[in-house]
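This report concerns only the one structure given below.
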Amino acid sequence: MSTKKIVIALVALSFWGANAQQRIPEVEALLQKMTIEEKIGQLNLLTPGGGVATGEVVSKNVEAKIKAGEVGGLFGVAGPDKVRVAQELAVKESRLGIPLLIGSDVIHGYKTTYPIPLGLSASWDMDLVKQAAQMAAREATADGINWNFSPMVDIARDPRWGRIAETGGEDPYLGSKIAEAMVKGYQGDDLASAHTMLACVKHFALYGAAEAGRDYHSVDMSKIKMFNQYLPPYKAAVDAGAASVMTSFNDVDGVPATGNKWLLTDLLRDRWGFDGFVVSDYTSLNEMIAHGLGDLQAVSALALKAGLDMDMVGEGFLTTLKKSLDEGKVTEEEITNACRRVLEAKYISGLFEDPYRYLDSKRPETDILTAENRALARKLAARSFVLLKNENQLLPLQKNKKIALIGPLADSRNNMLGTWAPTGDVSLAVTIQEGFKNVAPNATIQYAKGANISDDAEFAKKVNVFGPRIEIDKRSPKTLLKEAVDLAKNSEVVVAVVGEATEMSGEAASRTDISIPDSQKKLIKALVETGKPVALVLMSGRPLTIPEEFELPAAILQVWHPGVEAGNAIADVIFGDYNPSGKLTATWPRSVGQIPIYHSVKNTGRPAPENDEFQKFRSNYLDSPNSPLLPFGYGLSYTKFAYSNLKLDKSSIGQGESISATVTVANTGNYDGEEVVQLYLRDVVRSITPPKRELKGFQKVFLKKGEKKEITITLSPDDLKFYNSQLDFVAESGDFEVFVGTNSDAELSKTFTLK
Ligand code: BGC
């Protein structure tokens, strides 16, 4: 980095996050020159392409608006040459030449797509998560992007909600670590570098708690729950220095997030000290009309006054703020403040120093989809897989077997990337059949589709909005099934790849039934009935309800939607080149009736018996145990890990002190492998009802076969704290129980006292 750049970066950093009075002189000088219309223009974010599919060209209308100084940023435009066209319009042809922010949804990789976020979170490997975000930033910035609409850090405890796929799961502690790693990965140490981009934390707030798991639905939640369970990851992202925040579609306490002053100003800015800018979600400002808060002028004024700085696509700010100013409904200071925040972000990005900083036409060739990036995507994918079951050590398979590779997802290129991968290219994805042949060239691999993902044509139509994900075969279901069964009978082992098509999860893809579609259930049953050993490779964007299918095959490997290297990574694990180490980050229910379901539930006054047996007048169900099918933190390995000798370094501590737990973990199986050692805490007595246990620490460790290690996890004073009825973050004196083990049902425990 040149000295000049270092100086700019340092100046920028010292202003960023500093108190609001300390301002960037260049920005202040620019504000002095701006007309009110130009200030309002900076609050306008447009997409020439419109919608999820990225725009191809800058449309006339947008062009005129950029020249008129009516656009602060664009998204849906990519590639240095295309972005340059837009940037030049702003820089050379608008009166003040203010450069544009160029945004994009780089959710799980830019062109080198890696696993959907729910999958990535299952790696529990924060170094890798950060590396993933760094790679995404290197690729996206090579294509002219300087602002990313990620990370999505919404806590999700309802797998009916399709966007659980884009989250890090149900847990606020793990979610906070992921949020931090991603922000740091995208933003690096120097936002003005041409290889880093502004992060945008979304969706603020509580989007994952949509009622009944229906997307965009209302949220109604106590402040206690909000502060303790749902807000921590957003706060962690803000604390990590996230430059921007995106509001959510839902209401919070009766006011849509986009117009919610308590959320955007009292909490985000005043309490958390956030000094970046806030952008709406796609037309979420206009949607406040449908929410029932008034007309476009009224909701735009409401949003500005609440603390919204930038309006995505809806042009409510652009078309009504001047009028509201003239009518005394908003103040010039409010407009100036919002504009300042947008300009400060541009300054921090280095765009004032060089508006073409991200526009090197050679970079796409050298930085995107490199062999190194694809290798990282393959590694990330293998580490996201969770081994749910492995009877008789069926997996890993030897590389010389006669394998029947069966299932509608076994040779489907279109379903490998997963939801929200608009910058990815499905045609580059490695299918599972290809991956098997690459990794095990000496195996005999024969393929049959066996079933359609779903036989329901109406359902398929809804899923296929972005391309053919569910392709209903011309052959009858019976013919497909027979072909597969015949193949299975004629093989040594069956690998069946089943589950959800890409767009069966994701935005506006909620389901009331989250089981495997019937067509595939029949296939699994028929394959198991052949008597051949069956390994299921299960693909989905969410936890599924599979109580019956879980019992049938000998082995199940959950692979989410793995990204561009899907087939290779799956083959790496199936054939034992990598020993799976992923752990679930969202609980898998037995049935939809158990939802919402998550590990940090409260005890209640009438807890059900620990052994899950029904007892009248206890908090349980007549027709189901309380326990899930698979708990949070669950995941097997090809080897075995034994835990023993849990110790605490103190039996009591004072306020402000730390305490460490040490446990011995031994690899007692036949393979080298990694284990995620998890620590859960129970605050035994406190002023508000505590969860039964909460995740408060974890460590991913590698142990050679036969190796034993002492693992220490330290609890900081903050780990003992919670938000009380006054919403103060406190630790209360009393006993705490520590549990350490391989998942959230960890059994080893020790108690300490906080004096
Ligand atoms: C999504 C956001 C996304 C935005 C822009 C919205 O529909 O909710 O997550 O960033 O579109 O593409």
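The values are calculated or read from the model by the stated rules, or taken from the named source; none is laboratory data. Computed from a prediction, not measured in an experiment: that's the story for all the values here. Cβ atoms come from the backbone with ideal geometry, glycine included; neighbour counts cover every protein chain shown.
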- Just need a number here: residues in region 457-513 that are in contact with a Leu (Cβ under 8 Å, 6 or more places away or on another chain) and more than 28 Å from K532 (Cβ to Cβ). 1
- Query: Does L359 count as within 30 Å of N568 (Cα to Cα) and not in a helix (DSSP H, G or I)?
  - Reply: no
- Task: Tell me, please, whether a residue that is under 30 Å from L544 (Cα atoms), touching a Lys or Arg at 6+ places or on another chain (Cβ under 9 Å) and not in a helix (DSSP H, G or I) can be found in region 276-294.
- Result: yes
- Query: Which is under 17 Å from the mean Cα position of the chain (by Cα) and either away from the ligand (no atom under 14 Å from the Cβ) or modelled with pLDDT of 95 or more (or both), of L191, L264, L231?
  - Reply: L231
- Task: Only one of these is of a type in the set (S, T, Y), more than 18 Å from D171 (Cα to Cα) and out of contact with any Pro (no Cβ under 8 Å at 6 or more places or on another chain): S591, S540. Name it.
- Result: S540
- Message: Suppose we filter N611, N620 for residues that are modelled with pLDDT of 95 or more and out of contact with any Ser or Thr (no Cβ under 9 Å at 6 or more places or on another chain); which single one remains?
- Response: N620
- Message: Looking only at region 243-255, count every residue that is more than 14 Å from the ligand (Cβ to nearest atom), out of contact with any Leu (no Cβ under 7 Å at 6 or more places or on another chain) and either modelled with pLDDT under 95 or not acidic (D, E) (or both) and tell me the total.
- Response: 2
- Message: Criterion first (without any contact (Cβ under 8 Å) to a residue 24 or more places away in the chain and either within 16 Å of the ligand (Cβ to nearest atom) or surrounded by fewer than 24 Cβ atoms within 10 Å (Cβ to Cβ) (or both)) does E166 satisfy it?
- Response: no
- Message: One residue is enough: does region 203-222 have a residue meeting the conditions in a helix (DSSP H, G or I), in contact with a strand residue (DSSP E or B) (Cβ under 7 Å, 6 or more places away or on another chain) and modelled with pLDDT of 95 or more?
- Response: no
- How many of the residues in region 75-106 are touching a strand residue (DSSP E or B) at 6+ places or on another chain (Cβ under 8 Å), part of a helix (DSSP H, G or I) and more than 22 Å from E365 (Cα to Cα)? 0
- Within region 77-113, of all residues that are surrounded by fewer than 22 Cβ atoms within 10 Å (Cβ to Cβ) and at positive phi, the one farthest from the chain's Cα centre (by Cα) is G97
- Item | region 554-578: number of residues that are of a type in the set (S, T, N, Q) and touching a Leu at 6+ places or on another chain (Cβ under 9 Å) | 1
- Message: Which numbered condition in (1) closer than 23 Å to I224 by Cβ; (2) crowded, with 16+ Cβ neighbours inside 10 Å is the only one that I711 fails?
- Response: (1)
- Note on the structure: Among (1) more than 16 Å from the ligand (Cβ to nearest atom); (2) touching a residue at least 40 places away in the same chain (Cβ under 8 Å); (3) farther than 22 Å from D239 by Cα; (4) acidic (D, E), D295 falls short only on (2)
- For residues that are over 20 Å from I107 (Cα atoms), under 30 Å from the mean Cα position of the chain (by Cα) and modelled with pLDDT of 50 or more, tally how many sit in region 49-76. 2
- Message: Here are the criteria: (1) within 16 Å of the ligand (Cβ to nearest atom); (2) assigned to a loop (DSSP other than H, G, I, E, B); (3) under 22 Å from V313 (Cα atoms). Tell me which single one G109 does not satisfy.
- Response: (3)
- Query: How many of the residues in region 197-223 are under 18 Å from G241 (Cα atoms) and charged (D, E, K, R)?
  - Reply: 1
- Message: Can you tell me how many residues within region 587-625 are more than 23 Å from G208 (Cα to Cα), touching a residue at least 24 places away in the same chain (Cβ under 8 Å) and of a type in the set (S, T, Y)?
- Response: 2
- Quick one: how many residues across region 186-222 are among the small types (G, A, S) and without any contact (Cβ under 8 Å) to a residue 24 or more places away in the chain? 1
- Just for region 488-508: of the residues that are surrounded by fewer than 21 Cβ atoms within 10 Å (Cβ to Cβ) and farther than 17 Å from N400 by Cα, which one is farthest from the ligand (Cβ to nearest atom)? K489
- Item | strands (runs of 3 or more DSSP E) fully within region 690-755 counting 1 or more residues that are closer than 21 Å to I653 by Cβ, of a type in the set (S, T, N, Q) and in contact (Cβ under 8 Å) with a residue 60 or more places away in the chain | 748-754
